[in-house]
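The values are calculated or read from the model by the stated rules, or taken from the named source; none is laboratory data. As the structure is a computational prediction, the values presented were derived from the model and not from experiment. Glycine also receives a Cβ, built like all others from the backbone with ideal geometry; neighbour counts cover every protein chain displayed. Accessible surface is based on the protein model in full, side chains and every heavy atom, while ligands, DNA and RNA are left aside. Shrake-Rupley method; radii C 1.70, N 1.55, O 1.52, S 1.80 Å.
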Amino acid sequence: MSADPLLAVDAVDSGYGETQVLRDLSLSVEAGEIVSLVGRNGAGKTTTLRTIMGILTPTDGAIIYDGEDISTLEPTETATRGLAFVPEDRRIFPELTVRENLEIAAHGGAPEADSISVTEALETFENLNARASNPGSSLSGGEQQMLAIGRALVGGADLVLLDEPTEGLAPYIVQDVMEIVEGLNDRGITVLLVEQNVHVCLELADRNYVIDQGEIVYEGTSAQLEADEEILDRYLGVTA
Ligand code: ATP
């Protein structure tokens with residue numbers, strides 16, 4: 001692990017036109033970590049990921065990735081550097097097959113050396129392998145999440161930005177998705193995970209940031225957050 005974090009978001013302001021959403025937001029992710037950003041609906045979690053990926057440009061502050069300032073880069077350029085954004089709606093191409101969805105992701109990501117092949121991705125996710133020739137539209141919510149994560153792997157991601165991967169999934173599928181995220185991390189992929197579900201964060205994350213109204217209001221390990229009833233109650237609506 002290098003002395004500098006893989007990702008440093010430094011005092012970032014960001015938003016949509018006149019609407020400022022993120023205020024002086026700082027967080028860091030070390031190589032190999034799973035870090036969560038947890039907060040209520042509308043707190044600014046997706047906006048944070050969009051800003052890191054380059055879909056939005058910060059109006060102040062800086063985003064440093066692997067020692068380079070990526071604040072003003074477009075998403076196509078951050079993808080080439082090894083970032084991958086898995087959005088909440090998963091963005092599967094419904095009319096393409098599962099295999100084709102993966103093949104498309106192989107173009108435009110990081111250099112080939114970092115990526116895994118489409119065949120390897122299919123072998124990693126049994127459910128997808130069984131449905132490789134089926135259209136994306138035929139997948140369940142959990143399978144779509146697997147495919148979206150598989151696309152990040154094929155694209156050669158070093159840092160995966162995961163937006164509410166468990167949203168809308170049945171509890172037993174949530175377990176599967178958590179195992180997939182752990183599997184990603186075991187491959188050496190660093191994960192910044194956005195969640196409303198604090199239980200998922202506490203189980204998966206090394207460290208957690210709590211966001212409220214566009215500001216970071218807490219940082220702590222999962223053990224620290226789990227024990228902090230005031231924070232859980234005040235910002236996450238969880239009563240012990
Ligand atoms: P959610 O769980 O609903 O996705 P979130 O924490 O990810 O919540 P964001 O999607 O980042 O929250 O939204 C933060 C704020 O930005 C909200 O007040 C939202 O209304 C606003 N916002 C989101 N997208 C846009 C947009 N395209 N234009 C203007 N305002 C937006």
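When 169, 147 are checked against the criterion of being closer than 24 Å to residue 51 by Cα and in contact (Cβ under 8 Å) with a residue 24 or more places away in the chain, 147 stands alone in meeting it.
Residue 189 meets each of the listed conditions (1) β-branched (Val, Ile, Thr); (2) modelled with pLDDT under 95; (3) in contact with a helix residue (DSSP H, G or I) (Cβ under 7 Å, 6 or more places away or on another chain) apart from (3). The condition of being under 18 Å from the mean Cα position of the chain (by Cα), more than 11 Å from the ligand (Cβ to nearest atom), crowded, with 22+ Cβ neighbours inside 10 Å and at negative phi holds for only one of 22, 7, 27, 37, that being 7.
Among the residues of region 44-80, those identified as of a type in the set (Gly, Ala, Ser), more than 17 Å from the chain's Cα centre (by Cα) and more than 11 Å from residue 25 (Cα to Cα) are 67, 71.
Residue count for region 120-160, restricted to those that are among the aliphatic types (A, V, I, L, M) and assigned to a helix (DSSP H, G or I): 11.
The rows are residues; the columns are (1) at pLDDT 95 or above; (2) closer than 18 Å to residue 41 by Cα; (3) within 15 Å of the ligand (Cβ to nearest atom).
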{"residue": "182", "(1), (2), (3)": "no, no, no"}
{"residue": "185", "(1), (2), (3)": "no, no, no"}
{"residue": "209", "(1), (2), (3)": "yes, yes, yes"}
{"residue": "219", "(1), (2), (3)": "yes, no, no"}
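Among the residues of region 91-123, those that are loosely packed, with under 13 Cβ neighbours inside 10 Å and at pLDDT below 80 comprise 107, 108, 111, 112, 113. With respect to the conditions (1) crowded, with 23+ Cβ neighbours inside 10 Å; (2) small (Gly, Ala, Ser); (3) farther than 18 Å from residue 36 by Cα, residue 137 lacks only one, and its number is (1). Where strands (runs of 3 or more DSSP E) fall wholly inside region 161-240, the ranges with 2 or more residues that are surrounded by fewer than 17 Cβ atoms within 10 Å (Cβ to Cβ) and either in contact with a strand residue (DSSP E or B) (Cβ under 7 Å, 6 or more places away or on another chain) or on the phi > 0 side of the Ramachandran plot (or both) are 215-221. Identify, please: which residue in region 10-19 is touching a residue at least 24 places away in the same chain (Cβ under 8 Å) and within 9 Å of the ligand (Cβ to nearest atom) and is, among those, most open to solvent (accessible area, probe 1.4 Å)? Checked region 10-19; the qualifying residue most open to solvent (accessible area, probe 1.4 Å) is 16. Of the candidates 88, 74, the single residue that is in contact with a helix residue (DSSP H, G or I) (Cβ under 8 Å, 6 or more places away or on another chain) and surrounded by fewer than 20 Cβ atoms within 10 Å (Cβ to Cβ) is 88.
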